[in-house]
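Here the structure is laid out as structure tokens; the discussion comes afterwards.
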Amino acid sequence: MYKVFEAIDELVTIVEEARGLPMTSGCVVPRGDVLELLDEIRDALPAEVDDAQDVLDRKDEIVGGAEHQAEQALSKATMEAENAVAQARAQAEALIAEATAHADRMVADARDEADRAVAAGRAEYESLVGRSQAEADRMLQAGRESYERAVEEGRFEQGRLVSQTEVVQAAHAESARVLDATAEEAARQRAECDAYVDGKLAEFEDLLTHTLRTVGKGRSHLRGPMSMSAAVPYDYDGG
């Protein structure tokens, strides 16, 4: 196709460059060159163009044949579809009948199994009720016996606690007596301690008084004339 376009471009160039005829719109072109280019264009055109032209010439014939074939194909497809629908309907009906029969068998089997289960459950229930009743009677009797033992033990424990209460009361009384005696002894010892401390403080007070008096005399003696110290000796014992 490239050669076709190239030849057409050369033709356009020849026409544009051709010498014009005076007083007209025509022109003079080289015939040989133009014919040569037209031959090149004809040779370069693909065979499909001729085939396409043939198809265009036989358009009505081809369209008519295609429509006829389409009608035949549609008729055949319709017939095949109807046959397929009929076969599918028949198969569906057969499957439904088979499923219904299978469901009926399953329902019957389930009903039989349910009846057997109910019978077995009833027998087990009666057995359990009997065993439960016997166990309840045994537990009730054991509960009565345990209650009686607990009551007897409670009475015994009550008596023991009463006796222990008397002992506890006596212990409390003895404890109160001991506490009172301890408080009295502590008060007596505190009084003796206070008296002892007061006596010691009094002795210490006398000692301090004597010491202060002695210190005062000593200071007076130190401040006096030397002759007085020679004439009067100092009494360090408080004389």
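Which of the residues belonging to the range 1-34 are over 18 Å from LEU45 (Cα atoms), in a helix (DSSP H, G or I) and of a type in the set (Lys, Arg)?
Matches in the range 1-34: ARG31 only.
Per-residue answers, yes or no, for (1) open to solvent by less than 70 Å² (accessible area, probe 1.4 Å); (2) modelled with pLDDT under 85:
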position: ILE96; (1), (2): no, no
position: ALA114; (1), (2): yes, yes
position: VAL118; (1), (2): no, yes
position: LEU128; (1), (2): no, yes
position: LEU140; (1), (2): no, yes
position: ALA150; (1), (2): yes, yes
position: PHE156; (1), (2): no, yes
position: VAL167; (1), (2): no, yes
position: ALA171; (1), (2): yes, yes
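Could you tell me which numbered condition VAL34 fails, if it satisfies all but one of (1) without any contact (Cβ under 8 Å) to a residue 12 or more places away in the chain; (2) open to solvent by less than 60 Å² (accessible area, probe 1.4 Å)?
For VAL34, the failing item is (1).
Restricting to the range 173-200, what's the tally of residues that are open to solvent by less than 70 Å² (accessible area, probe 1.4 Å) and hydroxyl-bearing (Ser, Thr, Tyr)?
1
The values are calculated or read from the model by the stated rules, or taken from the named source; none is laboratory data. The model shown is predicted, which means the values in this text are computed figures rather than measured ones. So basically every Cβ, Gly included, is an ideal-geometry build from the backbone, and we count neighbours across all protein chains shown. Side chains are part of the model used for accessible areas, which takes the heavy atoms of the whole protein and leaves out ligands, DNA and RNA. Shrake-Rupley method; radii C 1.70, N 1.55, O 1.52, S 1.80 Å.
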